[in-house]
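Reading through the structure tokens given below for one structure.
Please treat every number below as a calculation from the coordinates, not as lab data. Just so you know, these numbers come straight off a predicted model, no measurement behind them. Cβ placement follows ideal geometry from the backbone for every residue including glycine, while neighbour counts extend to all protein chains displayed.
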Amino acid sequence: MSAGHAAGAGTGHAAVVGAGHAAVVGAGVIGGGWAALFLAHGLDVVAHDPADGAEERLRESVRRAWPALARLGLAEGADPHRLRFTDSAAEAADGACFVQESGPEQEDAKRRLLAELDEAAPPSTPLASSSSGLTPTTLQTMCARRPERVLVGHPFHPSHLIPLVEVVPGTRTERSVVEETVRFYTALGKRPVLVRREVPGHVTNRLQAALWREAYSLVERGVATVADIDTAVSEGPGLRWALLGPLVNQHLSGGAGGMARTLDHLGPPAQRWMDDLGTPRLTPALTEALVRGVDEELAGVDQERMVADRDELLVRLIEEKRRRRSLP
Ligand SMILES: NC(=O)c1ccc[n+]([C@@H]2O[C@H](COP(=O)([O-])OP(=O)(O)OC[C@H]3O[C@@H](n4cnc5c(N)ncnc54)[C@H](O)[C@@H]3O)[C@@H](O)[C@H]2O)c1
């Protein structure tokens, strides 16, 4: 599989060129986003999902994603109708130039699905799993034929919009497969981050877990409400984090002395805060408090409108960020 790409921003850019189609196996929340993204970049997509009504749901999710993708720039020939739905995972993988597996996050289900995909996909085709939790080396044990082309390509919801994708090779993944996968995702306008060692949750979910852990603890200790925690992030550092990561932001807060100055004068108190962080357990009581807190926060909020506005602002932010070459 080879992937070529011309400039991501603007309309009418060249299609991702590959011999064959992209296979989308598992067409739920995440697979639906991948399918829309692949189609918007001028690929043919062959999808499989055994659930009742899966094809209609997939076509509907592509239809809903299309305006935002069109705004970000469709490739020449991009067409939501270049989507074919098949009755089996093997048929979707047969002749594919790239396989993106997004089936259920259960080890047994992944085992059956990956074995079938590994048997059916051309041997040189990368087989990427969207798995949030399973390590690629575990996934490779499920693929007896060509484990060297298996790796994790972990996206973020909504996966047709969020640029980040974590590329995680397993112990047996060939370097050329990693390079090809990074090229492929880059050609789709994604921003791949290569994870250099396998750890549960890869990188970004661990970072999110660190924040959730303290958020849950603050709720449990009665320090802040769920709504206040969300406001504290979305109206505070979250605004900066969408533009520059937490470490460059820390560097900037040191003024002319940069990161060294920040760590010199804020490092010791930060160490005390880190030492005081909570280690909550998701007990039934805490779970109930978190669910109730979110319900209270969203009382009176039109959630459909909220999600539509989130997606529209996301597209605008992504467009603007693409124009500013000064951001790392
Ligand atoms: N939801 C997220 O935020 C998120 C983010 C990143 C990665 N992921 C990962 O993406 C994968 C899919 O998650 P999701 O949230 O889309 O789940 P989901 O439940 O929305 O979708 C899973 C789909 O797989 C289908 N399926 C079941 N058996 C199958 C089979 N044998 N072959 C093909 N499809 C089959 C189901 O019918 C369902 O539509 C998981 O591995 C998950 O860890 C999820």
Report the local net charge at H154: Lys and Arg +1, Asp and Glu -1, summed over other residues whose C-beta lies under 15 Å from its C-beta. +2
Can you find, among V248, G236, Q100, the residue farthest towards the positive end of the dipole of the chain? Put +1 on the C-beta of Lys and Arg, -1 on that of Asp and Glu. V248
Share of pairwise Cα separations in segment 94-172, more than 15 Å, in percent: 51
What is the magnitude of the charge dipole of the chain about its Cα centre, with +1 placed on the Cβ of each Lys and Arg, -1 on the Cβ of each Asp and Glu, and no other charges, expressed in debye to the nearest 20? 1260
Given Cβ point charges of +1 (Lys, Arg) and -1 (Asp, Glu) and nothing else, what value in debye, to the nearest 20, does the dipole of segment 190-328 about its Cα centre take? 1060
By per-residue mean of other Cβ atoms within 10 Å, what is the highest-first order of 120-129, 272-281? 120-129, 272-281
For segment 56-145, count the residues as N, evaluate 2.2 N^0.38 Å, and divide the Cα radius of gyration by that value, please. 1.24
Charge dipole magnitude, Cβ of K and R +1, D and E -1 - segment 240-306, Cα centre, debye nearest 20: 360
Say each of R325 and V29 gets a label point 7 Å from the Cα, pointing the same way as Cα to Cβ; how far apart are those two points in nm? 3.8
Could you work out the per residue convex hull volume over the alpha carbons of segment 205-297, in cubic angstrom? 111
Once you have the Cα-Cα distance between V307 and L247, take 0.36 nm times their residue separation minus that, and quote the gain in nm to one decimal. 18.7 nm
Calculate how large, on average over all directions, the projected area of the Cα convex hull of segment 22-194 is; give the answer in nm² to one decimal. 8.4
If Lys and Arg each add +1 and Asp and Glu each add -1, what is the summed charge of the other residues whose beta carbon sits under 9 Å from the beta carbon of G26? -2
Using the Cβ atoms and a cut-off under 9 Å, what net charge is assigned to the surroundings of D49, where Lys and Arg are +1 and Asp and Glu are -1? 0
As I understand it, the value is the acute angle between the Cα axis of helix 284-297 and the longest principal axis of the Cα atoms of the chain; what does it come to in degrees, rounded to 10? 90
Of every Cα-Cα pair in the chain, the percent that sits beyond 28 Å: 48
